[in-house]
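Beneath this line is the structure, given in structure tokens, with notes to follow.
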Amino acid sequence: MAETTKNPSSVSLYSPLASENEIRLLCLLSGVGEDPIECTLQHANLEHNPNYEALSYVWGSPTSSESIEISGKEYFIRENLSSALQHLRHPQNARLFWIDALCINQEEVSERNDQVHQMGRIYRSAVKVIVWLGPSD
């Protein structure tokens with residue numbers, strides 16, 4: 001099995017969700033080409049109809065080897081997600097996404113279970129759902 005690069009403690013990256021209606025959204029900051037991928041996380045309440053896009057993608061290889069920055073911390077993600085973020089970011093404006101691998105604290109089992117239970121609602125509430133299969137050949 002391939003080795004996964006260690007990410008920062010989930011305690012330092014994720015603040016607890018306040019209610020069952022709350023989710024985290026990833027703000028993908030602007031950039032072009034090979035610029036580093038920079039993001040922040042923010043909380044949103046689904047009852048307030050936040051304006052975000054949801055990303056569904058093929059997870060790909062289990063190796064998390066691509067580096068991005070989330071709220072000033074280096075974080076490693078899978079190659080296919082890195083490719084999606086590289087292609088989906090806007091050159092001048094930030095974009096707001098819900099992405100399961102980044103918006104759910106994967107190390108917190110109870111949160112992960114609660115958020116997975118709400119995924120249908122999360123996708124339905126998005127203004128757009130993007131399906132990423134990978135870069136074009």
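Read the figures in this text as sums done on the coordinates, not as results from a lab. Computed from a predicted model, the values in this text were never measured in an experiment. Quick reminder, even Gly has a Cβ in these numbers, built from the backbone with ideal geometry, and neighbours come from all protein chains shown.
With each label modelled as a point 7 angstrom along the Cα→C-beta vector, the Glu74-Cys27 pair spans 2.4 nm.
Normalised by the number of residues in the stretch 12-72, the mean separation of alpha-carbon contacts (under 8 Å, six or more apart) gives a relative contact order of 36 percent.
Stretching the chain fully between Ser12 and His90 yields a gain of 25.3 nm (0.36 nm per residue, less the alpha carbon separation). Backbone phi angles across the stretch 94-100, fed through the Karplus curve with coefficients 6.51, -1.76 and 1.60 (θ = phi - 60°), yield HN-Hα couplings of 6, 10, 10, 10, 10, 10, 3 Hz in residue order; Gly and Pro are listed as x.
In plain terms, the chain is cut at each of the GluC sites (Glu not before Pro) found in a DSSP loop with at most 15 other Cβ atoms within 10 Å, and the longest leftover piece is 35-106. Before anything else, pin down the relative contact order of the chain: Cα pairs under 8 Å, at least 6 apart, normalised by residue count, whole percent. In percent, rounded to a whole number, it is 32. Let me make sure I get this right: for the stretch 14-89, a, b and c are the square roots of the gyration tensor eigenvalues over alpha carbons, sorted descending. Under 1.5 in a/c it's rounded, otherwise prolate if a/b > b/c, else oblate. Which is it? Prolate, since a/c reaches 1.5 and a/b exceeds b/c.
Under a model in which nothing but the beta-carbon of Lys, Arg (+1) and Asp, Glu (-1) is charged, the stretch 13-137 shows a dipole of about 360 debye around its Cα centre. What shape does the stretch 39-137 have by the C-alpha gyration tensor, where a ≥ b ≥ c are the square roots of the eigenvalues, rounded means a/c under 1.5, and otherwise prolate means a/b greater than b/c and oblate the rest? In terms of gyration-tensor shape, rounded.
Under 5 Å between amide hydrogens, built in the peptide plane, is the criterion, and for Ile70 it picks out Cys39, Tyr75 among residues at least 5 positions away or on other chains.
Annotation: for a label point projected 7 angstrom from Cα along Cα→Cβ of Arg124, residues of the stretch 11-47 with backbone N closer than 15 Å are 21, 46-47.
In sequence order, the stretch 67-78 has phi-based couplings of 9, 10, 10, 10, 6, x, 10, 5, 9, 9, 10, 6 Hz under the Karplus curve 6.51 cos²θ - 1.76 cosθ + 1.60, θ = phi - 60°, and Gly or Pro positions carry x. Centre-to-centre separation between the Cα atoms of the stretch 71-137 and those of the stretch 14-33: 9 Å. Rounded to the nearest Hz, the phi-derived 3J(HN,Hα) couplings of the stretch 80-93 under the Karplus curve 6.51 cos²θ - 1.76 cosθ + 1.60 (θ = phi - 60°) are 5, 5, 4, 4, 4, 4, 4, 7, 8, 6, 8, x, 10, 10, where x marks glycine and proline. How large is the dipole of the stretch 31-100 about the Cα centre if only Lys and Arg carry +1 and Asp and Glu carry -1, each at its Cβ, rounded to the nearest 20 debye? Taking the Cα centre of the stretch 31-100 as origin, the dipole is about 100 debye.
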